[in-house]
Amino acid sequence: IALNVGAGPKKLLITWESFGDCAWATNFTSNCGHSGVALSNFKILTSANSTDGMDGDWTEAASIADNPVMARGVEIDFDGKSWFKFVSEGDVGKLLEIEAFDMTENGTDTWFFMGTSISQMGIKQQETDSTTAQLIHARFPDYTPAMLRGGIGCINSTEVVAHLDEYLKYAGNVKYWAIEMGTNDAWGGGDWDLDAYVKNMQTIIDSAKAHNITPIIARIIATNPEKSGWQINQAFLDAVDKLVEDNKLPKGPDFYNYFLEHPELLGSDGIHPNAEGGGQAMHHLWADALAPLYAVGDTAKKDSSGNVTTRKSK
């Protein structure tokens, strides 16, 4: 796969999303089995003089080995180049998208959406009128967020902590972690796993901050008790609010109250967002929650095409 970006950027962030069953990783959970072939072993090559993606001189910019996840970003040197391409001799699975972002001025408008099956379905699998990134761009044209989707069905906070080194290895080179986590910890409506959840979330927050990542946590999505037979225990919602306040984090979206008021956007199990607007609502709620970060303003620069933007670090 070869793409002509055009001359100008000195560095690029190349991101890609793979299909499978749409879980970000296939082996992080014990309660659910996931399948899919990740784009595992490949090289990224660049060229300054190709005319069609095949001819010309090519230089190796990155070599990726044994990548296990379905969405990732890699930064490459692009000074003087105009083309990049992915080259693999192995099975590359199914690719959903590839994007390129100008990182010449060390952009920080980069996001990883960590989550459960709520995010796996709502943020990646289901149709939406616009993604969170597109909604932000529509409101703030100087910004084009790089957005990686990291939902994993059945995962809970304990399993995230168990694989935290892998999260940091494969999604630690972004500025923000947008976190949806807690449905599986709070499953059944009790508070028996509350202490573990709070401890795990604090570990995730501390680890993110230690790697210059800003975590933003969504309030846990409400269920429809008429279908699910249970509702999120208020103690978990209070815990999220306290984690946000104590750690001085930006406020995330309030999935609980929105879906409590809109149970028609939940599926037949009363727990997951449905394909008739549930996932779309999640994208809009994330965009609404993140908008204040963009409204404050930061220095942005467009390249000559006006299509690629960067956000300078403060």
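Mind scanning K10/K175; K124/K209; K11/K242; K94/K175; K94/K199 and naming the pairs with a C-alpha gap bigger than 31 Å? Show your work: numbers first, answer last.
Numbers: K10/K175 20 Å; K124/K209 26 Å; K11/K242 39 Å; K94/K175 27 Å; K94/K199 37 Å.
Listed pairs above 31 Å: K11/K242; K94/K199.
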Mean Cα-pair separation over length for segment 17-152, i.e. relative contact order, pairs under 8 Å, 6 or more apart, %: 30 percent
statement: Candidates for Kirkwood radius over Cα pairs in Å are [x] 19.7; [y] 20.2; [z] 22.4, and the calculated one carries label [y]
- line: Taking Cα atoms only, helix 234-246 is inclined relative to the longest principal axis of the chain by an angle, in degrees rounded to 10, of 50 degrees
- line: For segment 193-240 the mean separation of alpha carbon contacts under 8 Å (6+ apart) over residue count, i.e. relative contact order in percent, is 32 percent
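How much of the accessible area of the chain, in percent, comes from carbon and sulfur atoms when a 1.4 Å probe is used?
Working: 6450 of 13450 Å².
Here it works out to 48 percent.
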task: Just the isolated ones, please: cysteines in the chain lacking another cysteine beta carbon under 4.7 angstrom.
output: C22
- prompt: Does segment 21-73 classify as rounded, prolate or oblate by the C-alpha gyration tensor (a ≥ b ≥ c root eigenvalues; a/c under 1.5 gives rounded; else a/b over b/c gives prolate, otherwise oblate)?
  reply: prolate
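Work through the residues other than Q202 whose Cβ is under 15 Å from its Cβ and net out their charges, Lys, Arg +1 and Asp, Glu -1.
Details: positive: K199, K209, K242, K248; negative: D185, D193, D195, D206, D238, D241, E245, D246.
Surrounding charge for Q202 is -4.
Using a Förster radius of 25 Å, what is the FRET efficiency between A196 and L260 based on their Cβ-Cβ separation? Nearest 0.05, please. Walk me through the intermediate numbers first.
Working: r = 25 Å, r/R0 = 0.99.
FRET efficiency, A196 to L260: 0.50.
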Backbone HN-Hα couplings from phi across segment 211-218 [Karplus 6.51/-1.76/1.60, Hz, Gly and Pro as x]: 10, 6, 9, 8, x, 10, 10, 7
- request: With a ≥ b ≥ c taken as the square roots of the eigenvalues of the C-alpha gyration tensor of segment 84-194, please select rounded if a/c is under 1.5 and otherwise prolate if a/b is larger than b/c or oblate if it is not?
  value: prolate
- request: Output ³J(HN,Hα) for segment 98-108: one whole-Hz value per residue in order, computed from phi by the Karplus curve 6.51 cos²θ - 1.76 cosθ + 1.60 with θ = phi - 60°, and x for Gly and Pro.
  value: 10, 10, 10, 10, 6, 10, 3, 9, 6, x, 10
Cα shape, segment 242-299, gyration tensor, a/c 1.5 rule: oblate
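Could you calculate the contour length gain from T51 to D269, that is, 0.36 nm times the residue separation minus the distance between their Cα atoms, to one decimal place in nm?
Fully extending the segment from T51 to D269 adds 73.3 nm.
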Accessible area of segment 1-126 divided out per residue, in Å², using a probe of 1.4 angstrom: 41 Å²
- request: Pull out the extension gain between T203 and A2, defined as 0.36 nm times the separation in residues minus the alpha carbon to alpha carbon distance; nm, one decimal.
  value: 68.4 nm
query: Could you give me the ³J(HN,Hα) list for segment 74-89, computed from phi with Karplus coefficients 6.51, -1.76, 1.60 and θ = phi - 60°, whole Hz, x at Gly and Pro?
result: 10, 8, 10, 6, 9, 4, x, 9, 9, 10, 9, 8, 9, 10, 9, 9
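Rounding to the nearest 20 debye, state how big the charge dipole of segment 237-282 is about its Cα centre with +1 on each Lys and Arg Cβ and -1 on each Asp and Glu Cβ.
Dipole size: approximately 200 debye.
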- prompt: Between A235 and D91, what is the spin-label point distance in nm, taking each point 7 Å from the Cα along the Cα→C-beta axis?
  reply: 4.5 nm
message: Roughly how far apart, in whole Å, are the Cα centres of segment 50-122 and segment 200-239?
response: 30 Å
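The values are calculated or read from the model by the stated rules, or taken from the named source; none is laboratory data. From a predicted model like this one, the values you see are computed outputs, not experimental measurements. Positions of Cβ are generated from backbone atoms using ideal geometry, with glycine treated the same way; all protein chains shown enter the neighbour counts. Ligands, DNA and RNA are excluded from the accessible area calculation, which covers all protein heavy atoms including side chains. Shrake-Rupley method; radii C 1.70, N 1.55, O 1.52, S 1.80 Å.
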